[in-house]
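Worksheet: the structure to be examined is printed underneath.
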């Protein structure tokens, strides 16, 4: 990934340039990369992982505002660089993968603060 300044003789560039380059921004840093056609594997394993993430997202949306606030507060108290939503999804998917695809039986709360 190339870091760029004044791409294409402008202050900022985003998007595809033909089928050769893609200009974008990540954390306020302009960059340019080669255009590639993204792969979309449809293997059985990939499909089940996508289903786990879909379940995790649906479960987060069904959580009460109190539970969501607890996850956000946990992240803030620990000084983590992710959101409560991100940590919740990670915990949910990690649990499901460790339990042979079985989702948690009860509402998830953040780990006890130590």
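The values are calculated or read from the model by the stated rules, or taken from the named source; none is laboratory data. Please read all numbers here as calculations on a predicted model, not as lab measurements. Cβ atoms come from the backbone with ideal geometry, glycine included; neighbour counts cover every protein chain shown.
Data overview
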read-out: Residue 47, sole failed condition from (1) over 29 Å from residue 27 (Cα atoms); (2) surrounded by 12 or more Cβ atoms within 10 Å (Cβ to Cβ); (3) without any contact (Cβ under 8 Å) to a residue 12 or more places away in the chain; value: (2)
read-out: Exclusive hit being surrounded by 14 or more Cβ atoms within 10 Å (Cβ to Cβ) and in contact with a strand residue (DSSP E or B) (Cβ under 7 Å, 6 or more places away or on another chain), set 31, 74; value: 31
read-out: Filter pass, residue 55 being outside the structural domain of residue 86 (by TED's automatic domain parsing), surrounded by 13 or more Cβ atoms within 10 Å (Cβ to Cβ) and either in a helix (DSSP H, G or I) or at pLDDT below 90 (or both); value: no
read-out: Boolean, residue 105 is outside any helix (DSSP H, G or I) and outside the structural domain of residue 12 (by TED's automatic domain parsing); value: yes
read-out: When residues of the range 4-18 are limited to those that are at negative phi and either loosely packed, with under 10 Cβ neighbours inside 10 Å or part of a helix (DSSP H, G or I) (or both), the one modelled with the highest pLDDT; value: 11
